[in-house]
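The values are calculated or read from the model by the stated rules, or taken from the named source; none is laboratory data. Remember, predicted model here, so these are calculated numbers, not experimental data. Every residue, glycine as well, gets a Cβ built from its backbone with ideal geometry; the counts of neighbours run over all protein chains shown. Note: areas computed on protein heavy atoms with side chains; ligands, DNA, RNA excluded. Shrake-Rupley method; radii C 1.70, N 1.55, O 1.52, S 1.80 Å.
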Amino acid sequence: GKHRIVIPCLGHFKEEYEKVSKLYMNNKIRTTKYTLLNFLPRNLFEQFHRIANLYFLFLVVLNWIPLVEAFQKEITMLPLVAVLTIIAVKDGLEDYSKYKMDKQINNLLTKVYSR
């Protein structure tokens, strides 16, 4: 298999390294944004930070008021739901590919140079 070679260069930072390294459980790499539990709420939170999505949400809410209703309620929701779904699927696939890459890197055999 493939190997990584890690050469520590601690020198005079050895004491600081020992203090900091006690705080970490392991040295696994994790570049993913989401987990299965937080994907939907976190993704929606991030998507509604975009002004365009807030605008479409405002139109949907405004259309539920009977005096202001311009279109059918369902038709107004379609663009927002479509955009949110497409972006969520894209973000999910990107995060899954990051997860697979992290898993591959974390399972590499590592050689550590020691004098």
task = For segment 62-76, state whether one or more residues are touching a residue at least 12 places away in the same chain (Cβ under 8 Å), hydrophobic (A, V, I, L, M, F, W, C) and either surrounded by 11 or more Cβ atoms within 10 Å (Cβ to Cβ) or at positive phi (or both).
result = no
task = Considering every residue within segment 15-35, establish whether at least one is open to solvent by less than 70 Å² (accessible area, probe 1.4 Å), among the charged types (D, E, K, R), under 18 Å from LYS90 (Cα atoms) and modelled with pLDDT of 75 or more.
result = no
remark   = Filtering segment 36-63 down to residues that are of a type in the set (Lys, Arg) and modelled with pLDDT under 95 yields ARG50
task = Go through segment 77-91 residue by residue and tally those that are closer than 17 Å to ASN43 by Cα and either surrounded by 15 or more Cβ atoms within 10 Å (Cβ to Cβ) or among the acidic types (Asp, Glu) (or both).
result = 6
request  = With the checklist (1) touching an Asp or Glu at 6+ places or on another chain (Cβ under 9 Å); (2) farther than 30 Å from TYR17 by Cα in hand, flag the one item ASP95 doesn't pass.
outcome  = (1)
